[in-house]
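The values are calculated or read from the model by the stated rules, or taken from the named source; none is laboratory data. None of the values given here were measured: they were computed from a predicted structure. Cβ placement follows ideal geometry from the backbone for every residue including glycine, while neighbour counts extend to all protein chains displayed.
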Amino acid sequence: MTLLPSRSGKSRFGALRNNEDRGEVQIGATFARLNATQVMETACVLGVAEHEGGIPHVRYNCTLHRADRIFEDGPRTLALPAFLARFERAL
């Protein structure tokens, strides 16, 4: 599934202001990306909460998948726009 562009055709950031893409990032959802060193990084969403300034943030558990081993990299937090820019593919 591709998260971009939003269903409305707006940019990702315009869609976020209208909460159209927030439903794509739900607790338990898993997203993936292949980083520059060809390591698969997966993110399992632990929660989504709004910061005091009104910016939604995603708390997720990060796992790195290499050819020879898997690393549990622990929980991380990113603003929702940054999370969607980093993890463009939902599993």
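Per-residue answers, yes or no, for (1) modelled with pLDDT under 90; (2) under 17 Å from residue 88 (Cβ atoms):
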{"position": "1", "(1), (2)": "yes, yes"}
{"position": "33", "(1), (2)": "no, yes"}
{"position": "61", "(1), (2)": "no, no"}
{"position": "73", "(1), (2)": "no, no"}
* Using the structure shown, decide if residue 43 is among the small types (Gly, Ala, Ser) and in contact with a Leu (Cβ under 8 Å, 6 or more places away or on another chain). => no
* Residues 41, 88: which one is of a type in the set (Asp, Glu), in contact (Cβ under 8 Å) with a residue 60 or more places away in the chain, under 15 Å from residue 29 (Cα atoms) and in contact with a strand residue (DSSP E or B) (Cβ under 7 Å, 6 or more places away or on another chain)? -> 88
* For residues that are surrounded by 12 or more Cβ atoms within 10 Å (Cβ to Cβ) and either basic (Lys, Arg) or more than 16 Å from residue 24 (Cα to Cα) (or both), tally how many sit in the range 56-74. => 8
* To do: Test each condition in (1) at positive phi; (2) modelled with pLDDT under 90 for residue 28 and report the one that comes out false.
  => (2)
